[in-house]
Amino acid sequence: MKIYNTLSGKKEILETLEPNRVKMYVCGMTVYDHTHIGHARTFVCFDLIVRYLRHSGFTVDYIRNITDVDDKIIDRSKKLNIEALDLTSKYIDSMQHDFNSLGMIDPDQEPKATENIPSIIKLIEKLIEKNHAYAGKSDVYFSTDSFAEYGRLSRRNTEEMLAGARVNIDEEKRNPADFVLWKKADQGLAWDSPWGKGRPGWHIECSAMSMDALGESFDIHGGGMDLKFPHHENEIAQSKCSTGKDFATYWMHTGSLRIDQEKMSKSLDNFITIKDALKSFSSEVLRYFLISSHYRSPMNYSIDGLTEAQASLDRLYTALKDCEIQVEQVENEFSFQYRTMMDDDFNVPGALAVLFDIAKSINLLKNSDQFDQANQLATALVSLAKPLGVLQQDPGEYLKTGVQLSKDKIDGLISERELARKNKDFKKSDQIRDELVSMNIVLEDSIDGTSWRRK
């Protein structure tokens, strides 16, 4: 099996530290708001990767952390006038509900930063002892000058890194690129430390949590492309400097997600939560859409794309209709083609093309009354789709409800549109109308309100 290693910039054969065992850490959520479809893109992709590794015979230790202490959390809790831990508890529950809705498997461990403060402090002490970190008047910093390999992951020199990051002017720093390991804080979330009361910096949390769970060195470290610099660059620096060992062997990053060719942003009014996306399309449609592009490729979220994903699933389930799924899968040429695609850096678009070839063959066999052979291929289709997290529903039940939006979802979107119109948010109103039209729902406005009908 080959994977694209962001660290080397090329495909490498997956050779684990322990035979047939993969230790994998994925940077998880900072929990101060609801999860959005950009998060869904990243975590569905890594969910698929874990599923396929296990399907291929690997034992996978899958760790996905939760950052529950951070400046964004502190600022949001102050704005809402609630305790920070109450805020994070609310959004942890929301996150887990969203991820479960998309059929994600649970990680083997889901450590929280607030539960790992002693390990974080111990790691910072070790860095200071080795002259890779220093205490300023208030905060503690990592010295980037002390690590000759700094910039290797992002392939940037110091000048480029400073230009590409928001570096606060801080007279305590020896180098503007140095980053905080421990922040002084007298109020809110704060813990006692050798450097006074405070809280950890964001980057040190992941180093401590990953090494606690998987050891000083492990196989795969993953996250969104936006974490490559500075977060993952800083993780490598502080981890290798503390242990003298390579931190993670392979680095994997998912491509960014845009909305209708624009960067997703609240200021642009195109910020879509997972909950909002699921009001219009089923969880399986959303999942299929998110995996339909290669995990490393940027992708564009649009109603047209989701509608196409809906149609693709409909075609696959239609092929399975009236087939009997058998207990054991018989290996065939399609199985080999599928594995060839997936073993090449998890080429899901290529694997999906194989699934459609199977569906085409099933339809031809059914049309010629060769149902025994059709049943064998249908069994292969369901089995091969399982690591992707799709095609696991009863085809008859899916086709009853999957092709069309439910009345409740349509009524919910109409209610949102009416509220937008009341608030004179005509842009959002038009977006909802266009979304419904794209799904063959026609709206008719009158003085008595809005009614709808299917085309």
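Structure above, values below:
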| read-out | value |
| --- | --- |
| Segment 322-455: proportion of alpha-carbon pairs further apart than 22 angstrom, % | 55 percent |
| Dimensions in Å of segment 288-355 - Rg and Dmax from alpha carbons | 14.0, 38 |
| Other-chain or far-sequence residues with amide H under 5 Å of THR254's (modelled H) | GLY223, GLY224, MET225 |
| Proximal lysines to LYS409, defined as alpha-carbon separation beneath 23 angstrom and excluding residues fewer than eight positions away on the same chain | LYS275, LYS279, LYS400, LYS422, LYS424, LYS427, LYS428, LYS455 |
| Amide hydrogen neighbours beyond the local backbone of ALA133, cut-off 5 Å, H modeled | ILE128, SER143 |
| Principal semi-axes in Å for the chain [√(5λ), Cα gyration tensor, largest first] | 43, 30, 17 |
| Order of LEU419, LEU48 - criterion: other Cβ atoms within 10 Å of each residue's Cβ, fewest first | LEU419, LEU48 |
| Least to most buried among GLU216, GLU324, GLU284 (fewest other Cβ within 10 Å first) | GLU324, GLU216, GLU284 |
| Segment 2-254: projected area of the alpha-carbon convex hull, averaged over directions, in nm² | 13.4 nm² |
| Cβ-placed point charges (K, R +1; D, E -1), dipole of segment 297-455 about Cα centre in debye, nearest 20 | 700 debye |
| Kirkwood Rh in Å, taken over all unlike Cα pairs in segment 1-112 | 15.7 Å |
| Debye, to nearest 20: dipole size of segment 251-366, +1 on Lys, Arg Cβ, -1 on Asp, Glu Cβ | 380 debye |
| Debye, to nearest 20: dipole size of the chain, +1 on Lys, Arg Cβ, -1 on Asp, Glu Cβ | 740 debye |
| Square roots of five times the Cα gyration tensor eigenvalues for segment 258-401, Å | 31, 18, 11 |
| Segment 40-80 and segment 369-399: distance between their alpha carbon centers, rounded to Å | 30 Å |
| Rounded D (µm²/s) - segment 51-138, Kirkwood Rh over Cα pairs, Stokes-Einstein at 20 °C, 1.002 mPa s | 133 µm²/s |
| For segment 118-135 and segment 204-231, distance of Cα centres in Å | 17 Å |
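Every number here is computed from the coordinates shown, using simple stated rules; none is lab data. What you are looking at is a predicted structure, and each value in this text was computed from that prediction instead of being measured. All Cβ positions, glycine included, derive from the backbone under ideal geometry; neighbour counts span all protein chains shown.
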